[in-house]
Amino acid sequence: MRHLMSPLDFTVDELDKLFDLAGDIEKNPDNYARKCEGKKLATCFYEPSTRTRLSFEAAMYNLGGHVIGFSDASSSSATKGESVSDTIRMISCYADICAMRHPKEGAPMVASTKSKIPVINAGDGGHQHPTQTLTDLLTIRSLKGRLDNFTIGLCGDLKFGRTVHSLIHALVRYENIRFVFISPDELRIPDYVTEMLHEKGISYQEVIRLEDVMGDLDLLYMTRVQRERFFNEEDYVRLKDFYILNKEKMELAKPDMLVLHPLPRVNEISVEVDDDERAVYFKQVQYGVYVRMALILTLLELV
């Protein structure tokens, strides 16, 4: 039995197979419509989520399975003091696989040590968000045709952004990836990430102005400034509109540069950018369903 706590839980070869499966699901959905018949997915979400939870649910329904679970800690026995360990022991009696989101780093890992069913980390605090990373990688691979030899700019909240941290750790396993970190000083990438890149001899650059590097990028990964990660409202208000991607900035970019975003968007991408064919964040959402379908099938050993 396998769990998914981090994108690094899968080798590069295993990821290739997972993405090949996701691609086949995209092309031949009818072939997979009954693969999970009789199976149940438990979605245990201890903090709010729209995209991730609904993506998991859509993935399981598309496979012919069923979904049980809760969408907020207040509607679970956590309000009575039940531990994550006890919750997953209970869920293991009801479901065949579990997707868990939790505000505390490491909570899904704790659950996996006590679980009798595969556990998928659907986001744990500011730590990891592996299925978003799989979504990002599948989007890049599908639209660029490769996962190597490109320059990627990561813009916005690089300090607290778990999607950013997960994606960086996943991409360092591919050849000739160059990182450009775009953020205010208060939200710069953590030292442990840059130290890891330095140790691996991977090129990176840190800048404050997005305009200064737009023309160098093959991919731009935008993120929102996350109110829920701040300790005070004043700092959030001061930084929330630090970056706004608009048409003028897009004119500085390469004709084939792609813009990704894990969503939800607040103000960091103007709606006028949505009509630009290089804006692929809503396609990214659809790829998220395909990759989660492939992941469920893989962890349940149904392929």
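The values are calculated or read from the model by the stated rules, or taken from the named source; none is laboratory data. Predicted model only: the values in this text are computed from it and were never measured. All Cβ positions, glycine included, derive from the backbone under ideal geometry; neighbour counts span all protein chains shown. Protein only, heavy atoms only, side chains kept; ligands, DNA and RNA dropped before computing areas. Shrake-Rupley method; radii C 1.70, N 1.55, O 1.52, S 1.80 Å.
Odds and ends about this structure:
- Farthest towards the positive end of the charge dipole of the chain, among the residues VAL303, VAL193, ASN246, is the Cα of VAL303, using unit charges on the Cβ of Lys, Arg, Asp and Glu.
- Fluctuation leader among ASN176, ASN31, ASN246 - the chain, Gaussian network, Cα springs under 10 angstrom: ASN31
- Longest site-free stretch - the chain; sites: GluC sites (Glu not before Pro), DSSP loop, at most 14 other Cβ within 10 Å: 176-250
- Summing Cβ point charges (Lys, Arg +1; Asp, Glu -1) relative to the Cα centre of the chain gives a dipole of roughly 1020 debye.
- Check: the range 1-152 dipole with +1 on Lys, Arg Cβ and -1 on Asp, Glu Cβ, in debye: 280
- Dipole axis of the range 103-214 (+1 Lys, Arg; -1 Asp, Glu on Cβ), positive-most option in VAL180, MET109, ALA170: MET109
- Sorting SER183, SER270 on solvent-accessible area from highest to lowest, probe radius 1.4 Å, gives SER270, SER183.
- Rounded to the nearest 500, the 222 nm mean residue ellipticity of the chain from helices alone is -11000 deg cm²/dmol, with -39,500 (n - 2.57) taken per DSSP H run of at least 4 residues.
- Each of GLY38, LEU137, VAL289 was scored by the projection of its Cα onto the charge dipole of the chain, and the greatest displacement toward the positive side belongs to GLY38; charges sit on the C-beta of Lys, Arg, Asp and Glu.
- Ranked from largest to smallest solvent-accessible area, with a 1.4 Å probe on the protein heavy atoms, ARG162, ARG178, ARG89 come out as ARG89, ARG178, ARG162.
- With K and R counted +1 and D and E -1, the other residues having a Cβ less than 11 Å from that of PHE10 yield a net charge of -1.
- Cα gyration tensor, the range 93-143 - rounded (a/c under 1.5), prolate or oblate: oblate
- Normalised by the number of residues in the range 1-159, the mean separation of alpha-carbon contacts (under 8 Å, six or more apart) gives a relative contact order of 24 percent.
- Among the protein heavy atoms, those of PHE150 account for about 10 Å² of accessible surface (1.4 Å probe, every chain in place).
- The residues of the chain expose, per residue, 44 Å² of accessible area to a 1.4 Å probe.
- Accessible carbon and sulfur surface of the chain relative to its total accessible area, %, 1.4 Å: 47
- Short-range pairs are left out: with C-alpha atoms under 8 Å and at least six residues apart, the relative contact order of the chain is 20 percent.
- The range 121-199 and the range 1-42: distance between their alpha carbon centers, rounded to Å: 22
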